[in-house]
Each structure stands twice: as structure tokens, then as C-alpha cells.
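Chemist: Got a structure here, written out as C-alpha cells. Questions coming.
The values are calculated or read from the model by the stated rules, or taken from the named source; none is laboratory data. These figures come from a predicted structure and were not determined experimentally. Every residue, glycine as well, gets a Cβ built from its backbone with ideal geometry; the counts of neighbours run over all protein chains shown. All accessible areas refer to the heavy atoms of the entire protein, side chains included, with ligands and DNA or RNA removed. Shrake-Rupley method; radii C 1.70, N 1.55, O 1.52, S 1.80 Å.
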Amino acid sequence: MSNASAALQGGKISREEFRRQKDLDAARKAGTAPAAVDEEGNAINPHIPEYITKAPWYADTGKPSLAHQRIGRSDGPALKMDEWYERGQTAGPAAKKYRKGACENCGAMTHKKKDCLERPRKKGAKFTNTNIAPDEVIQNFASDYDSKRDRWNGYDPSSYKNVVDEYEATEAARKKFREEEIDNQTSNADLSTAKKLAKKEKQDNDDDFGSSDEDEDDEDKYAEAADQIGQKLDTKTRITVRNLRIREDTAKYLHNLDADSAYYDPKTRSMRDAPVQGMAPEDMKFAGDNFQRFSGDATNIQKLQMFAWQSAQRGNNVHMLANPTAGELLHKEFQEKKEVLKDTNKSSILARYGGEEHLERLPRELLNGQTEDYVEYSRSGQIVKGREKAVTRSKYDEDVYINNHTAIWGSFYDLSTGQWGFACCHSVLSGSYCTGEAGKTANSSSSVQALLESAAKVKAIEEAGEKERKSLKDEHVENLLKLNGKNKEKDGPIYGNRPDDMLNQDKEIELNRDKLKKALAEEKKRKDLNENEAWEQNKKSKTDVSQEELEAYRLSRQGYDDPMANYKDTEDY
């Protein structure tokens, strides 16, 4: 038990005891050992961290407990709101003589000098035996932590009336003093003299005390000559120079509470744009800082400043702030010279190029004024009586035809190309010469649509010609048929001609087997001959060829792609 208490109190334990304690904690966490029990018999969770279960040194009881983590219980009932000691009450009148054992500073018997709350006197009541303070009422009571520190507990609100009365009396005296000062026209030197005399009299009357609270009232009297915060006040002339807005003025950000209205910068207290849109600036209470900046002589000052800067850059000694009168005179002279130079340039240009008559025009009142001309129209819009008003022309030349054109540029629009042109010749080039109807025909024939149509026609003609045109094969067959009709009287086929059965490819040809064997034997002999022998035999042979000979040639000719080309049959037919 002593080891456990030593461990709980944070004392030193041996290594063996520390190991046992760790093993016990592990067993409790595993559930093999019973949990620790506090003073009230409640089990302590072994999984609670040590920094929570371990009590501080000032609340440690030497036993496992979590009582230091719970709110402490009060032994007795706390004080009520109406139960409090009498604050500031005294026990009877003050004594006339200093009593032994009393406070050496104020002379009260309820406390000593080191506990005295009164201002330390230059000479204490023990030595002067005057102004002895009465004894306070001391009460013994039991209270909790909060009630001890409740600064308003036991406060009597009716006592504040004394503070109000004192303040009103002070203000009345201060006002009366200021009125007398204005009437007497007292100078600052007289005020300082009066202040010194008042201090001297006060020091003579207050020998027992080092200072007095009434000095603060004297300071308030002579503080009227100082300037107040936010304004410069002259007590003689009663003139106040404002550098901040007064409370009666409406703030800039309160003219329009819409979040999307003009931006207000709280740092510089500026709102450049007008807070209300759609209203004349003259009708607004506040039209924005920019309106004030560009109204009155503000623009003239900006022009003067710009003129001074530009003159300084050119080497002239002009400064708006150093010598504003000279700067304004120079700027006036500069404007006059500028107007004279402008008139001179205008007259020189007109004298060289002419055109002064175009600059002379009637006044606007006469151009747009009313006339006495009476015009009467019919229902169809025709003029019945009077003269029609001239059509207002634009600044551009109208009805002016160039390059022999009879229509203006822009009177024709080509849908295929999306370009404007002349309606007289359908030309889309603004500087082209008019070609009349021939130009229309040429443009229509050279358009994309016309070219596509002509290409389609050519294609159709070619297709029709292809259908009508016979192939070489068909012509050859017709020629054979004609020749065959002429040579019908002959028995055998003639060289260069084919019989009717060969012209029809779908009809199967009937061959004589004996003649075919004979033709094959002759073809083999012909192939075995050399070139000279074959030439001599061809001279003696006939010119016509039978169907059996053609078939024998076809069967005996060598096929290079045939895998059985070199095969020889030993059997004879």
C-alpha cells in the first residue's frame, strides 16, 4: 500500500516495484486483474490515461481516485443575492483622539497601517490627532469562489444618484466659469497668473496633505484653452474649424444600401461614383467625389497644373504653387497664342486649297426651323397641293455614275459569291468599266452555277455517245458475219475467217476423234523439228486450219505455270 501511494504521489520507487506496477496495469487492461476502486467504491477504467488519473500534488490524497476531475462540492449553501455585507458602512461616529492600537495613518481601530486603504497622509493621525476616520463594520460570512469575486453584489443602485448630482453641479460651475471668462475677455497670461495664485492658496490651506482631489477640478477649469479632438477651438472668438463630418451628416455609404452600388473605400472615406444611378447630379444630396472634383474651378486648376508640368519639362521656370499668379498669366497668354496660331493655320490652308464656301452654312435655327410651306397629300401619298419637302441627303455623294455605269455601286448583290456590284452589268469590281448586257451574259456564263450546269451537259452528251458508240469487238463480230455470209458457197473454212459455230461461244463444238489423234501426232512431229525443217514444212503445208488442228495445238502447247508441263504420256492413242 505504501508503494502504491508512493507511486501515486510521484515518489521514487525501485525498479522491481515499477515493473510490478506496469504488469498490474497490463493485467487490468487485459481483464485478468480486477480494476482499481476509488474511495466511494467505484471502479476506475484502466484504459484512462495516466495524466488524467494522476492527481496534482495539491489535490493528491494518496489513494486512487478521480475526484480531482470532478466539480468540487460545496460544504454549505451559497449566499443569496440579498445576503451581503454592508459595504462602506461605519460603526458610529469617528473618534476625536487617537486610540492605542489604531491605524497610524487614518486612526481607525478595524485595521492596521499596512492594511489601510486610505491615501497615505503626509503626517499620520497618530501624530496630528486630527481627521480620524471612523471604524468600519466588519462581518464574517462564508461564500464560494464566484460570490467573493462578484463586484456588483451588494451594490445599491440608488447611490449612483450622488454621482449624477455631482456631475451636473460640475457642469453648471464649468459653464458659469466659461461665461465669466468670455465677459471679462481674460487673456491667457491672466489665466496662468490666476492658476499660480490658486495653487499657492491651496498649498497654504493644505499643510496636512501632500495633494488634494480638488486639484483635478482646477485642471479641468484651465483645460478649456486646449484644442479638442477633431476640431480647432478658439475660446475667444468661438470659431470652430471642422476637419471631420458632424454626426448630423449622412454617411456616404448610407445614401444607397444596395451592395452593387458605388464602391466606398473605408480607409480614405471616399466614394468616387454617385451612389444613386439615373438621377441628375444637381438633384442628389451627394453625387460622388468625382462630381465635386470636376465641378467649379477644379478643372481649371488641373489645366494649370498640367501647363506648369509641361512648361517645366521644356525648361521654363513655371511653378504653380511657388508663383501661382505668374503661372496663370503665362497659361492665359499661351491660350491666346494657341487660338491665334489655329486661325492662322486655317486661313493658310483655305488660301492654298480653297473650299471656304463649304465652311459657310446657315445657323442651326434656320436649317431646322419651321417654314410656311403648305403641302397637301392624297390617300395614295401623292402631292395634291403645294411642293414636297426636299429629301435629306447624306454627307456622301449620291446618284453619281462612274465609268459609263447607269447604276450606282451596291445596286446589285450576287447571291452565289455574296458580293455587291453594279446592277447595269452585274460587275462586282468597284473600279470596273460598264459592259452592259454583254457583261451580264459573261458573268452569268462564268458563274459557278453555269459552269456546273455546262459540265453536267457535257457529261450527259458523252454518256449518250458512249451508248451509241460500238466497241471494237462488236464491230469485228459484225465484219465476220458479213464475210461469212459472202463465203457460204465454199465447203471448208477459209484462212482468216471463222465458221458460225466459233462465233457463238456458248455453243459446244463437236470434234472428230480420229482427226484429233492424227493432228496431235503431227503437232508432236512438228515440235521435234529444228528451225530450218519447220520452215520448209510450213512452206509446203496448207493455209487453212481445221478445228481438230486448233485443239491439238492448244493441247500440246507448253504451259509454264502448269506443274504438269514436263509430263509425258507413254501410251499411244
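Chemist: Could you give the accessible area per residue of segment 83-149, probe 1.4 Å, as a whole number in Å²?
Modeler: Result: 76 Å² per residue.
Chemist: Using Cα-Cα distances under 8 Å and only pairs 6 or more residues apart, what relative contact order does segment 15-69 have, in percent?
Modeler: Value for segment 15-69: 28 percent.
Chemist: Report the normalised scattering of segment 83-149 as log10 I(q)/I(0) at q = 0.16, 0.24, 0.29 Å⁻¹, calculated by the Debye formula with identical scatterers on the alpha carbons.
Modeler: -0.59, -1.00, -1.29
Chemist: Quick one: which of 62-69, 420-427, 26-33 comes out on top by average Cβ neighbours within 10 Å, and what's the full order, highest first?
Modeler: Ranking the peptides 62-69, 420-427, 26-33 by packing returns 420-427, 62-69, 26-33.
Chemist: Can I ask one more? Starting from the Cα coordinates of segment 298-385, work out the convex hull volume and express it per residue in Å³.
Modeler: It is 235 Å³ per residue.
Chemist: Let me ask something else about it. For each pair in Lys337/Lys395; Lys12/Lys54; Lys97/Lys122; Lys122/Lys176; Lys96/Lys123, compute the distance between the two Cα atoms and list the pairs where it is over 24 Å.
Modeler: Lys337/Lys395; Lys122/Lys176
Chemist: Under the Karplus relation 6.51 cos²θ - 1.76 cosθ + 1.60, θ = phi - 60°, what is the ordered set of whole-Hz ³J(HN,Hα) values for segment 335-347, x standing for Gly and Pro?
Modeler: 5, 5, 5, 5, 5, 4, 5, 5, 5, 5, 5, 5, 5
Chemist: List, in order, the whole-Hz ³J(HN,Hα) value for each residue of segment 417-427 obtained from phi through the Karplus relation with A = 6.51, B = -1.76, C = 1.60 and θ = phi - 60°; use x for Gly and Pro.
Modeler: 9, x, 10, 8, x, 9, 6, 6, 10, 6, 8
Chemist: Pairs to check: Lys482/Lys525; Lys114/Lys148; Lys252/Lys303. Give those whose C-alpha atoms are more than 32 Å from each other in this structure.
Modeler: Among Lys482/Lys525; Lys114/Lys148; Lys252/Lys303, the Cα-Cα distance tops 32 Å for Lys482/Lys525.
Chemist: Testing the spin-label approximation: label points 7 Å from Cα along Cα→Cβ at Ala173 and Ala59. State their distance in nm.
Modeler: For Ala173 paired with Ala59, the spin-label model returns 5.4 nm.
Chemist: Could you order peptides 522-532, 320-330 by the average number of other Cβ atoms within 10 Å of their residues, highest first?
Modeler: Packing proxy ranking, top to bottom: 320-330, 522-532.
Chemist: Please report the projected area of segment 15-69's Cα convex hull averaged over all directions, in nm².
Modeler: 4.2 nm²
Chemist: Work out from phi, with θ = phi - 60° and the Karplus expression 6.51 cos²θ - 1.76 cosθ + 1.60, the ³J(HN,Hα) of each residue of segment 277-285, listed in order in whole Hz, and give x for Gly and Pro.
Modeler: Working through the residues one at a time gives 8, x, 10, 5, x, 5, 8, 8, 6 Hz.
Chemist: Let me know the charge dipole size of segment 83-149 about its Cα centre in debye, to the nearest 20, where only the beta-carbon of Lys, Arg (+1) and Asp, Glu (-1) is charged.
Modeler: With only Lys, Arg, Asp and Glu charged at Cβ, the dipole is about 720 debye.
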